[in-house]
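Report on one structure; see the data block that follows.
Read the figures in this text as sums done on the coordinates, not as results from a lab. Predicted model, so just to flag it, every value in this text is computed and none were measured. All Cβ positions, glycine included, derive from the backbone under ideal geometry; neighbour counts span all protein chains shown.
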Ligand code: PGA
């Protein structure tokens, strides 16, 4: 059985007081939700304060990025050990914004995933095709390359995969449930090629303009096990509604 997994990716939003205000409203609203994993991924600057506030609650903590070396002269970077030490359970790797604006490659994403796991973190590993790639009929080639190269030597037991079609991120253009299911099914089959039967226990999240209005129908798809939510995760009430999506549980 795959336990649903709903994560908020705040990207470069919220100061520490704003993050704390969110949690003040959000924690009581979801305190009784016990049948799914809930995770917040704030910017680095809020991790320490949120870790203290979320300790002992039903909400996990994720960073949005890390560097792929253990330590040393890498000005401005943050290591896996630092994230683990500050109280993170997860780290996002390979988000399309990092691939696009910070020139991350399958190789650097792979190194990040491995060093994160080596330091006790689980990885939320993002993949997805651009609009040009989809229109050129290359969606599956891109997903296969990102999975095979990015997941080399990555431990399946500390892995969550997020399918985020780049054309759906922050655009208000959500993949239809059929499009999402088709891609997720393909990803599950590829994961079987890599991890054999363990692929059935990997949560595959959908990301890209998830809202309270479309969450139920996306989460109902057989291979959609949760969501990675950007814009609609910034307000406690809208993220609460997504967390409390109906149906589609116990796949
Ligand atoms: P969005 O972002 O929900 O704002 O489209 C999702 C993501 O990038 O993780």
>> I'd like the residue in region 85-113 that is away from the ligand (no atom under 16 Å from the Cβ) and under 14 Å from the mean Cα position of the chain (by Cα) and, out of all such residues, is surrounded by the fewest Cβ atoms within 10 Å (Cβ to Cβ).
In response: 89
> Assuming residue 144 fulfils every condition listed in (1) surrounded by 19 or more Cβ atoms within 10 Å (Cβ to Cβ); (2) farther than 30 Å from residue 55 by Cα; (3) away from the ligand (no atom under 16 Å from the Cβ) apart from one, which condition is it?
Replying inline: (1)
> Restricting attention to region 1-21, which residues are touching a helix residue (DSSP H, G or I) at 6+ places or on another chain (Cβ under 6 Å) and either part of a loop (DSSP other than H, G, I, E, B) or within 16 Å of the ligand (Cβ to nearest atom) (or both)?
Replying inline: 6, 8
>> Quick check on my filter: what residues within region 114-133 are in a helix (DSSP H, G or I), more than 16 Å from the ligand (Cβ to nearest atom) and under 19 Å from residue 207 (Cα atoms)?
In response: 132, 133
>> Given the criteria surrounded by 15 or more Cβ atoms within 10 Å (Cβ to Cβ) and over 17 Å from the mean Cα position of the chain (by Cα), does residue 74 qualify?
In response: no
